[in-house]
Amino acid sequence: MTNRIYLDNAASSPMDPEVFEEMKPFFLEHFGNPSSIHQNGRFLRNAIEQARRKISQILHVSPSEIYFTSGGTEADNLAITGVVKGYGITHIVSTSIEHHAVTHTVERLEREGIVTVTWLDVDSKGNIDLVQLRNVLSQNPRSLVTLMHANNEIGTLYDIKAIGEICKEFDALFHSDTVQSIGKEEIDLSQIHVHFINASAHKFYGPKGTGFIFVRKGIKIPALIEGGSQERNLRAGTENPASITGMAFALEKCYHNLEEKTRRMWDLKNYMMQRLQAEVPGVSFNGETERGKSICTVLNTVFPFGEEDAMLLFNLDLAGIAVSGGSACNSGANMGSHVLRGIGASKEALINSVRFSFGMENTREEIDYVVEKLKELAPTQIVR
Ligand SMILES: Cc1ncc(COP(=O)(O)O)c(C=O)c1O
């Protein structure tokens, strides 16, 4: 798999070799169960608590507000179902362009008649209207608001600080899925009125199958997974010390010289946008693309090609380039991406969108190669 160009970092980022080194001793040397009281157990317990401390410092919260989970999906489920059960919430505010870990959970609660849902309008770039949010909450105080920070498909960023202030005014509980922004955006939770955020290590150069949820002090929700008393009864099951340690180390690394890393990533995103605009006639982009309104890692591109993006993705893959299709259909019924449908994308955009997502390993030279390949493929695919 060497010499391939990987532009699918929003799906999963490559593991940082230093993170791997940090994790290694936990596989063979530091065995045992972190709940055991002997030395082996205590060593692991200590490693887990150190990781918790590291993460809490980055986010400006207390370690007791961080709980480890199996990843972003579990944490989304935990926050939403936990609030509904724990607080008897009967109204949820969200959008149709959240990750499926959120939309499917909310839809199920709605189907079961447990909650009613207000799906906020989203504009053609994925933005919400804060005036509408305020109106909805003024009529439904004490709702659960679940709105993501950075959209994983189109990169549009929501102003979670402003959303939090509105939630505070109407006593709403606020969950934000920060899976795509954590490690890429500065997130100071002492300044944001949010009750839950969540993260997934494999999106920031850590291991897959591990993540965490921040639960604001004083908030009490029931567990989703029952069993032992791990994670202070919020998440049963033996912890994974290797992954938890790796995750904390990976996050710490991301926030080291963040500004420099963000600048580099914006350079790649802007460079690719400029080259595509100049050299591929008719190209356009889904979602916001400017700094401040979008995340540096995601560029969702609509190509004026006749074929469905599956063909383009296949050809790019043959050329050694890994990207994701914006119109990924996972049911066989070609419905297109729920996010693109949610922003009212054109039929062309629904079938011809490709998501390029950048990581710290990518270079301008790689972008040059990808643009050249796209230009080579274009004549066979451009219909107008
Ligand atoms: C915004 C968002 N939320 C949740 C998830 C799910 O995270 P995980 O892969 O850890 O279950 C993802 C992963 O694609 C995501 O992008």
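Full extension of the chain between LEU318 and ARG216 gives 32.0 nm of extra length, using 0.36 nm per residue less the Cα-Cα distance.
Run through region 76-117 and list the GluC sites (Glu not before Pro) located in a DSSP loop whose Cβ has at most 16 other Cβ atoms within 10 Å. For GluC sites (Glu not before Pro) across region 76-117 that sit outside H, G, I, E and B with at most 16 neighbouring Cβ atoms in 10 Å, the list reads GLU112. Helix 72-87 and the longest principal axis of the C-alpha atoms of the chain enclose an angle of approximately 50°. Among 270-276, 215-221, the peptide with the highest mean count of other Cβ atoms within 10 Å heads the list, and the full ranking is 270-276, 215-221. With helices as the sole contributors, the chain gives -12500 deg cm²/dmol at 222 nm; each DSSP H run of n ≥ 4 counts as -39500 (n - 2.57), and the sum is divided by every residue. Restriction of the GluC sites (Glu not before Pro) in region 120-203 to DSSP coil positions whose beta-carbon has at most 13 other beta-carbons within 10 angstrom yields GLU186.
For SER229 and GLU165, the difference between the fully extended length at 0.36 nm per residue and the C-alpha to C-alpha distance is 19.6 nm.
Rounded to the nearest 10 degrees, what's the angle between the helix 309-318 long axis and the longest principal axis of the chain, both from Cα atoms, 0 to 90? Computed tilt is about 90 degrees. Counting only residues at least eight positions apart within a chain, or on another chain, the aspartates and glutamates with an alpha carbon under 12 Å from that of LYS125 are GLU153, GLU288, GLU290. Working from label points 7 Å from Cα in the Cα-to-Cβ sense, the SER346 to SER62 distance is 5.4 nm. Residues MET265, MET15, ranked from the fewest to the most other C-beta atoms within 10 Å, line up as MET15, MET265. Axis of helix 100-111 versus longest Cα principal axis of the chain: the two differ by about 70°, to the nearest ten degrees. When the Cα gyration tensor is reduced to axis lengths a ≥ b ≥ c, the ratio a/c is 1.5 or higher for region 17-254, and with a/b above b/c it is classed as prolate. In region 17-254, Cα pairs under 8 Å separated by at least six residues give a relative contact order of 27 percent. Between ASN3 and ARG263, the FRET efficiency from the beta-carbon distance, with R0 = 22 Å, is close to 0.25. The length gained on full extension between ASN33 and ARG111, counted as 0.36 nm times the residue separation minus their Cα-Cα distance, comes to 24.1 nm. Cross-link partners for LYS217 among the aspartates and glutamates, with Cα-Cα distance under 12 Å and sequence neighbours closer than 8 places in the same chain left out: GLU65.
Within region 17-254, antiparallel bridges make up roughly 45 percent of the DSSP beta bridges whose residues both belong there. Computed from point charges on the beta carbon alone (+1 for Lys and Arg, -1 for Asp and Glu), the dipole magnitude for region 17-254 about its Cα centre is near 660 Debye.
Values in this text are rule-based calculations from the coordinates and carry no lab data. Nothing here was measured: the structure is a model prediction, and the numbers come from that model. Methodologically, a virtual Cβ is constructed for each residue, glycine included, from the backbone with ideal geometry; neighbour enumeration extends over all protein chains shown.
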